[in-house]
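In what follows, a structure is listed as structure tokens, so that the remarks can point back to it.
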Amino acid sequence: MDRARGRCYPAFPMSDLSLTILTEAANDAQAIERLHERTFGPGRFVLSAYRLREHVDHLLELSFTARIGTLLVGSVRLLPVCIGETPALLLGPLTVEPPFRGRGIGRALLDRALGDAKTKGHRLVVLVGDEPYYGRVGFKVIPKGQVDMPGPVDRARLLVCELAPGAFEGVSGMIRPDWTFVRETPTAS
């Protein structure tokens, strides 16, 4: 029983399950959207990070799903943004189905996303989240006043991870969509 949340889940370690982390495929979108809906609810659309996602799609090659067998149990996405004029990635949402939380799935998704981003030459990743959780994979609180996001955001939860040493030195400004990746909108005929 997860006493802190008052829920009863089967007790089994992840080693008893066959967890697979896969690159997100286009046909995963509907299942991931349902997962986000269950996890974050309808209020997620007013958050600053979601406002950025309205203009630029996440990068499929840097977004991943976690599966146990064929069951999708988690997801993480990376979105191209700029901090001022510096290219970066916005991590999120990261989510894991409630019965599977606390078993290392979120960490496995983070490790894969950050590792692949680094391998592909990306240098910075930002997110809005809890430093005690994300600090375990290298995220740090951004000093007050150095970086901002449009809309309401708790500045104490604005975090950065350097994928290359010194990549955040001298970086400042507003986080915005990377317009080189702007979503094409269909034109009316």
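Quick look at the numbers
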read-out: Of all residues in region 98-128 being among the β-branched types (Val, Ile, Thr) and modelled with pLDDT of 95 or more, the one that is farthest from VAL160 (Cα to Cα); value: ILE105
read-out: Among the candidates VAL125, VAL137, residue that is surrounded by 21 or more Cβ atoms within 10 Å (Cβ to Cβ), aliphatic (A, V, I, L, M) and closer than 27 Å to ALA29 by Cα; value: VAL125
read-out: Cross-chain or 6+ apart pairs with Cβ under 8 Å, region 25-40 first and basic (Lys, Arg), then at pLDDT 85 or above and not in a helix (DSSP H, G or I); value: ARG38/GLU97
read-out: Count of residues meeting criterion [in a strand (DSSP E or B), under 20 Å from ARG77 (Cα atoms) and in contact (Cβ under 8 Å) with a residue 40 or more places away in the chain] in region 162-182; value: 4
read-out: Test: VAL147 is crowded, with 21+ Cβ neighbours inside 10 Å, under 12 Å from the mean Cα position of the chain (by Cα) and touching a residue at least 12 places away in the same chain (Cβ under 8 Å); value: no
read-out: Residue ID - farthest from the chain's Cα centre (by Cα), chosen from residues in region 83-92 that are on the phi < 0 side of the Ramachandran plot and buried (at least 20 other Cβ atoms within 10 Å of the Cβ); value: ILE83
read-out: Filter result for the condition that a residue is assigned to a helix (DSSP H, G or I), in contact with a Ser or Thr (Cβ under 8 Å, 6 or more places away or on another chain) and either modelled with pLDDT under 90 or surrounded by 15 or more Cβ atoms within 10 Å (Cβ to Cβ) (or both), over THR95, THR65, THR39; value: THR39
read-out: Any hit, region 107-114, residues being of a type in the set (Asp, Glu), free of Cβ contacts under 8 Å to residues at least 40 places away in the same chain and more than 18 Å from THR23 (Cα to Cα); value: no
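Residue-by-condition table, conditions (1) assigned to a helix (DSSP H, G or I); (2) within 26 Å of GLU54 (Cβ to Cβ); (3) in contact with a strand residue (DSSP E or B) (Cβ under 9 Å, 6 or more places away or on another chain):
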{"site": "ARG103", "(1), (2), (3)": "no, no, yes"}
{"site": "ARG107", "(1), (2), (3)": "yes, no, no"}
{"site": "ARG136", "(1), (2), (3)": "yes, no, no"}
{"site": "PRO152", "(1), (2), (3)": "no, yes, no"}
{"site": "VAL160", "(1), (2), (3)": "no, yes, yes"}
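The values are calculated or read from the model by the stated rules, or taken from the named source; none is laboratory data. These figures come from a predicted structure and were not determined experimentally. Don't worry about glycine lacking a Cβ; one is built from the backbone with ideal geometry, like all the others, and counts go over all protein chains shown.
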